1. On the given criteria, is Leu199 among the hydrophobic types (A, V, I, L, M, F, W, C), assigned to a helix (DSSP H, G or I) and surrounded by 15 or more Cβ atoms within 10 Å (Cβ to Cβ)?
2. Check Val224 against each of (1) among the β-branched types (Val, Ile, Thr); (2) more than 30 Å from Arg116 (Cα to Cα); (3) in a loop (DSSP other than H, G, I, E, B) and name the one condition it does not meet.
3. Please go through region 253-281 and pick out each residue that is part of a loop (DSSP other than H, G, I, E, B) and closer than 14 Å to Arg208 by Cα.
4. Would region 130-138 turn up any residue that is under 17 Å from Ser219 (Cβ atoms) and either assigned to a loop (DSSP other than H, G, I, E, B) or among the acidic types (Asp, Glu) (or both)?
5. If Pro244 passes every condition in (1) in contact (Cβ under 8 Å) with a residue 60 or more places away in the chain; (2) more than 15 Å from Ser157 (Cβ to Cβ) but one, which one does it miss?
6. Restricting the search to region 85-113, which residues are within 28 Å of Leu234 (Cβ to Cβ), part of a strand (DSSP E or B) and among the β-branched types (Val, Ile, Thr)?
7. Looking at this structure, is Gly107 without any contact (Cβ under 8 Å) to a residue 12 or more places away in the chain and farther than 14 Å from Ser241 by Cα?
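The values are calculated or read from the model by the stated rules, or taken from the named source; none is laboratory data. Just so you know, these numbers come straight off a predicted model, no measurement behind them. Cβ coordinates were reconstructed from backbone atoms using ideal geometry, including for glycine residues, and neighbour counts include every protein chain displayed.
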Amino acid sequence: MKLVRYGKRGDETPGILDEEGRIRDLSGHVDDIAGCVLEPAGLAKLAKINPAKLPLAPEGQRLGAPVAGIGKILCIGLNYKMHASETGADVPSEPLLFQKAVSAINGPYDDIVIPRTATKTDWEVELGVVIGAPAKYVSEEEALSHVAGYVILNDVSERDFQKNRAGQFTKGKSCDTFCPIGPWFVTADEIADPQNLTLRTLVNGEVRQNGRSSDMLHSVAKLVSYLSQFMSLLPGDIIASGTPDGVGAGMKPPQFLKAGDEIVMSIDGLGEQRARLVADR
């Protein structure tokens, strides 16, 4: 299934794509794409619904992030060897964890707002892993059974805030609008192998990232298992599994986003998100 949320920010309606790619209204069956709806029993109920029998959503609707009620956005840094190399960082011995504030969540086609004092705003296409069944102390072998599905996530990063403002990554990762998600939430049964996907970024029509999830240092299963040793992973939590090489900070000379730029990201089977950069006022 491909699930979406459409409508005004903060008042989105749950939806599902039909065979023609049209949005059908799911609000007669669920209040939102969140919580218990993302657990195995909740998704199994949705799978029994025939989208063709649901009302069509009005055309031209804004898409919000396709998952609601996200409790945690857990990000993995330097999970691709070539990305670590391009940034001059050592490959960590264990997954490098930081968090992104949920207030940064943005729709897949919403503008990305560059903060007033930002000078080095960068892009990072990532495979977002959405938790379904709660996970605590799970093994790597059973980890994928706790995954509800996948999304495209842009881990937008202000490198100056991240590296030069006395602290941890969170400052540079959590600015408003710095977490576009979507367009769709795709259930795990539609992604045969999360380690066999192409991740791609275009900036103003030029390819910047073109990586493979097979190049992850730590697989999706490993990340779910690893994180569950430290904290409970709950339905709707998202793991941003790292970005391949090709970010602006790694270019020679470095290149960063500016107002008026357009960024397009895609991952096999998960659709495409597109955003315009605007300056904060």
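1. no
2. (3)
3. Correct list: Pro253, Pro254, Gln255, Phe256, Leu257, Asp261.
4. Yes, region 130-138 contains at least one residue that is under 17 Å from Ser219 (Cβ atoms) and either assigned to a loop (DSSP other than H, G, I, E, B) or among the acidic types (Asp, Glu) (or both).
5. So Pro244 meets the others, but not (2).
6. Passing the criteria: Ile105, Ile112.
7. Here the answer is no, as Gly107 does not meet what is asked.
Yes/no matrix, rows are residues, columns are (1) touching an Asp or Glu at 6+ places or on another chain (Cβ under 8 Å); (2) surrounded by 15 or more Cβ atoms within 10 Å (Cβ to Cβ); (3) not in a loop (DSSP other than H, G, I, E, B):
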site	(1), (2), (3)
Val30	no, yes, no
Ile33	no, yes, no
Glu59	no, no, no
Val67	no, yes, no
Gly71	yes, yes, no
His83	yes, yes, yes
